[in-house]
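First up is the structure itself, then whatever we jot down about it.
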Amino acid sequence: MSKLLIVESPSKAKTLQKYLGSDFEVLASYGHVRDLIPKNGAVDPLNNFAMKYDIIERNSRHMDAIARAAKAADSIYLATDPDREGEAISWHIAEILAEKKLLKNKLLKRVEFNEITQTAVKHAIDNPRDIAMDLVNAQQARRALDYLVGFNLSPLLWKKIRRGLSAGRVQSPALRLIVERELEIEAFKNQEYWTIHLDALKHANKFNAKLVLLNNQKVEQFTVVNHDQQADIVGKLLLASAGKTTVSRVEKKQRSRSPAAPFTTSTLQQEAVRKLGFTTSRAMRVAQGLYEGVDIGSGTVGLITYMRTDSFSMASEAVMSIRDYVKKNFDADYLPKSAIMYKTKAKNAQEAHEAIRPTDINRAPAKMRQYLSDEQFKLYEMIWKRSLACQMSPAKFDAVSVDLAVGSEANLFRATGQTLVFPGFIAVYMEGRDDDDDEDGESKLPHLETGEILTIEKIYGDQHFTEPPPRYGEASLVKILEEYGIGRPSTYASIISTLQDREYVVLDKKRFTPTDVGRVVVKFLTEHFTKYVDYDFTANLETALDNVADGSREWIPLMDEFWQGFNNQIISKSDVDRPGNELIDEACPKCGKPLQKQLSRYGTFIGCTGYNDEPKCDYKRSLNGSAQAGADPVTIGVDAESGKEIYLMNGPYGPYLQLGVAVEGEKKKPKRVSIPKEIPIADMGMETANMILSLPRDLGLHPETSKKIVANIGRFGPYVNHDAKFKSIPKTHSVFTIDNSEAVALLAAANTGPAPIADLGAHPSGEGRVEIFAGRYGPYVQHAKVRATIPKSVEPESLTMDEALGLLAEKAAKDEVAGKTGGKKTTARKPAAKTVASKTTVIKATGKKPTSKKAVAKKKVAKKPAIKN
């Protein structure tokens, strides 16, 4: 009896094949196999939100392989990931197989496992179930909502602001959070305040105390607000003290701190950003590799449980195993009397799965080190330590609070200190924080008794200024998204990537700053689509989708309720004024017409309202008075050395600076230098222009060849050049500051061949590794001799092994069709294209199987005639 098991990932398929043996054939779908057709009409609100799906082109051959295997199999097990997305993938595969009439007299079951271990997989196979349609409907509803928002709101943004913009049901509220935080920072007015301190001595021990009571009045943050006031207070306290202070109160108590809960997707992403310096997408990619399986010598095994979860719970067997590990490896005080149970505090959390934990706590990181890449080891160690610590005893501190009277009990200074007396879980793991906090640090006070008189070394004031709230980083943004209930943990990484890809935000010094375009989009949406970027509305919609998933709500009425209001809003706002253009009280210096603020791809600038007139006026400048790149040259200023004008111009490869103009009859062309992408055009003034025009830079002679090294910017970015050899300058260096020794090191590295920017691990075939490189024309993924370009829409560091294998397979197939053999392309006459049937399918909202429809044949392509000599 032949059995077919279908999973999402090829690396997972390889691991499971070893577990299940020859009785099973294990194939991978490589993720989603179908998606909504990418055009209007994919979701039909007038027909119970019927959806038109199309097989994803890059995965069509994988689906064909599954269909062939299903035809020969007696039993089919759908073992896609244990979440809504995985449930939907299983349903789509089942629907495709049913359309092909491949399920007759066959067993079709869904199996689910939270960890890839032999025990868990065998248990899942022995206990199969049917596809959970409530989960499928929840995923379909989410996908349809995202489609309806994107396909209806984005064109309005194109019309009202500029082409290429997009809005999303979840991404827009996330962008609003970043923009509103920036507006808070800009509106913030700092305030001066002072704190008063006392340094006291007991023998040779000095310690500090802070004024908390002045003339029997509690000292607040703004009790002392300027230098003169603090000087007056300090002077009076010094006079009253006569150099002495009395201990008026000593309070001692023990405090404890409990361990953090085991990881969820959200907290794992936050901690990986804080502790490891990963991006959220990188954290998820590495976690997926640990979940899907690593060869640890004795075989391939999943090292962690499923990494997409918002549950803090752990299986009782896992808890007991961790407690047993603590008992064997730590003193008795480190093991609590009973197991610690955790409950999530996040809004809209689902408790269906376990927290992220090691599949076996006895696989200590030190034992696994030799089998893991550096990034895999770092993440596994963090997950292992957090899981171990969550079942350990609290840390204990001896805390002391002392009040010191100056002159009388009406003036009190307070000193606090604490000492760690029992580390407990801190011996293994301490949770990170977004901002500095020394709450659990040590600060010791000498032994003090009430009534003791101490010597005052000095009394002084400290000046402070209030600070604006910090910008969001990746960790803090994920945290606030989870607190508000916006999106799901599995979507946070893609939300962040989308905001960056759309150039709505930039990540500067690990903090998000909105661009001008991002601001305008949020302004437009909050003014005209307030409800749909409202945090509570977004969270309530997530709750409604959760209700669909648990079967307590129907998805079609939910869709209808959303669509009626949203569609009416789209219609009513179709004629609103275009945002972003705002007249200013200034006349154009060229034509005298009014100037206005305008929005361009480079940000907000000042332009002439006569741009569309005949003859048109092309005057423009940035907000700070500098020029704006455009089709026509714009003067920035005059070069002091040559006396020539500096022009800002736009060419086919982007904006550049030009010194002077071409002179008729002279062969020498004007000097031109490309503007690096990291330099905003809006900031282009004389200082920046002079820095750019200093290129190319002579870095001196190479120590080995005595030939010149030059740093410059070319068509493909900054580089160093030596002896006709070029090496790109990485982002860690600047073309304006790189020195001779750094350039020599780069050139030496160039001679050894390119180093990968990421190693995705061993190829499922066991032959070679899958690596990502930074190529001349952009990043690419490589295995053996096959190189596949990574699409611009995909962040290289977020590329998963599955996606990489899909790209490599697609490239290999194209090379085969093109006749590439041995790395050389062979020429062959192009045959006439065959008639290909469309794979678009209409899915009715009633849940019934779709009716069979005749495939619509695509237009035949005529064979090109041979070219005559």
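The values are calculated or read from the model by the stated rules, or taken from the named source; none is laboratory data. Fair warning: this is a prediction, and the values are worked out from it, not measured in the lab. So basically every Cβ, Gly included, is an ideal-geometry build from the backbone, and we count neighbours across all protein chains shown. All accessible areas refer to the heavy atoms of the entire protein, side chains included, with ligands and DNA or RNA removed. Shrake-Rupley method; radii C 1.70, N 1.55, O 1.52, S 1.80 Å.
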Worksheet item: In deg cm²/dmol, rounded to 500, what helix-only [θ] at 222 nm does the chain give when every DSSP H run of at least 4 residues adds -39500 (n - 2.57) and the total is split over its residues?
Response: -10000 deg cm²/dmol
Item to complete: Please work out the average accessible area per residue across region 424-529, using the 1.4 Å probe convention, and give it in Å².
Response: 49
Discussion item. One quarter of the convex hull surface, Cα atoms only: what value does that give for region 168-265 in nm²?
Written reply: 12.9
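Figure the gain on full extension for residue 256 and residue 68 (residue separation times 0.36 nm, minus the Cα-Cα span) and round it to one decimal in nm.
Values: separation 188, 0.36 × 188 = 67.68 nm, distance 6.12 nm.
Length gained, residue 256 through residue 68: 61.6 nm.
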Worksheet entry | Protein accessible area in region 174-281, 1.4 Å probe - carbon and sulfur % | 49
Response to the item:
So for R0 = 51 Å, FRET eff. of residue 447-residue 317 from the Cβ-Cβ r, to 0.05, ends up at 0.55
Worksheet item: How large is the dipole of the chain about the Cα centre if only Lys and Arg carry +1 and Asp and Glu carry -1, each at its Cβ, rounded to the nearest 20 debye?
Response: 4580
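What FRET efficiency comes out for the pair residue 367/residue 119, r = Cβ-Cβ distance, R0 = 30 Å, nearest 0.05?
Efficiency computed from Cβ-Cβ geometry: 0.95.
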Item to complete: Figure the gain on full extension for residue 814 and residue 185 (residue separation times 0.36 nm, minus the Cα-Cα span) and round it to one decimal in nm.
Response: 221.3 nm
Worksheet entry | Simple label model, 7 Å out from Cα along Cβ direction - residue 48 to residue 705, nm | 7.3
Practice prompt. Would you mind getting the Kirkwood hydrodynamic radius of region 153-212 from its Cα pairs, rounded to one decimal in Å?
Written response: 16.8
Worksheet, complete the sentence: Residues of region 355-369 with backbone N under 20 Å of the label point set 7 Å from the Cα of residue 129 along Cα→Cβ are 355-356
Response to the item:
A convex hull over the alpha carbons of region 71-113 yields, per residue, a volume in Å³ of 56
Worksheet item: So for region 210-337, Kirkwood radius off the Cα pairs, Stokes-Einstein at 10 °C and 1.306 mPa s: how many µm² s⁻¹?
Response: 75
Worksheet entry | Shape category assigned to region 1-149 from the gyration tensor of Cα positions, a/c cut at 1.5 | prolate
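Suppose the chain between residue 298 and residue 672 were pulled fully straight at 0.36 nm per residue; how much longer would it get relative to their current alpha carbon spacing?
128.5 nm
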Discussion item. Tell me the volume per residue, in Å³, of the convex hull enclosing the alpha carbons of region 669-727.
Written reply: 108
Practice prompt. Return the Cα extents of the chain along principal axes one, two and three, sorted largest first, each rounded to a whole Å.
Written response: 107, 86, 70
Worksheet item: What accessible surface, in Å², does a 1.4 Å probe find on residue 571, ignoring ligands, DNA and RNA and rounding to the nearest 10?
Response: 110
Worksheet entry | Computed log₁₀ I(q)/I(0) - Debye formula, equal Cα scatterers, no solvent, region 98-242, q 0.19 Å⁻¹ | -1.19
Worksheet, complete the sentence: Amide H contacts under 5 Å for residue 248, restricted to residues at least 5 apart in sequence or on another chain and with H modeled in the peptide plane, are 403, 404, 405, 451
Practice prompt. Determine the per residue accessible area of region 84-171 with all protein chains present and a 1.4 angstrom probe, expressed in square angstrom.
Written response: 41
Discussion item. At 20 °C and a viscosity of 1.002 mPa s, what translational diffusion coefficient does Stokes-Einstein give for region 356-399, taking Rh as the Kirkwood radius over Cα pairs? Give it in µm²/s as a whole number.
Written reply: 184
Response to the item:
In whole Hz, the Karplus estimates of ³J(HN,Hα) for region 50-63 (6.51, -1.76, 1.60; θ = phi - 60°; x where Gly or Pro) are 4, 10, 9, 9, 9, 5, 5, 4, 5, 10, 5, 6, 5, 5
Worksheet item: Could you give the longest part of the chain that holds none of the GluC sites (Glu not before Pro) found in DSSP loops with at most 13 neighbouring Cβ atoms within 10 Å?
Response: 1-219
Discussion item. Let me make sure I get this right: for region 253-323, a, b and c are the square roots of the gyration tensor eigenvalues over alpha carbons, sorted descending. Under 1.5 in a/c it's rounded, otherwise prolate if a/b > b/c, else oblate. Which is it?
Written reply: oblate
Item to complete: Please turn the phi angles of region 567-572 into ³J(HN,Hα) values with the Karplus equation 6.51 cos²θ - 1.76 cosθ + 1.60 (θ = phi - 60°), one per residue in order, whole Hz, x for glycine and proline.
Response: 5, 4, 5, 4, 5, 6
Worksheet item: Using the C-alpha atoms of region 520-563, what convex hull volume per residue, in cubic angstrom, is computed?
Response: 68
Worksheet item: Which Cys residues of the chain have no other Cys beta carbon under 4.7 Å away?
Response: 390
Worksheet entry | FRET efficiency estimate (nearest 0.05) - Cβ-Cβ, residue 767 to residue 338, R0 56 angstrom | 0.65
Worksheet item: Kirkwood Rh over Cα pairs of region 445-536 into Stokes-Einstein at 37 °C, 0.692 mPa s: D in µm²/s?
Response: 188
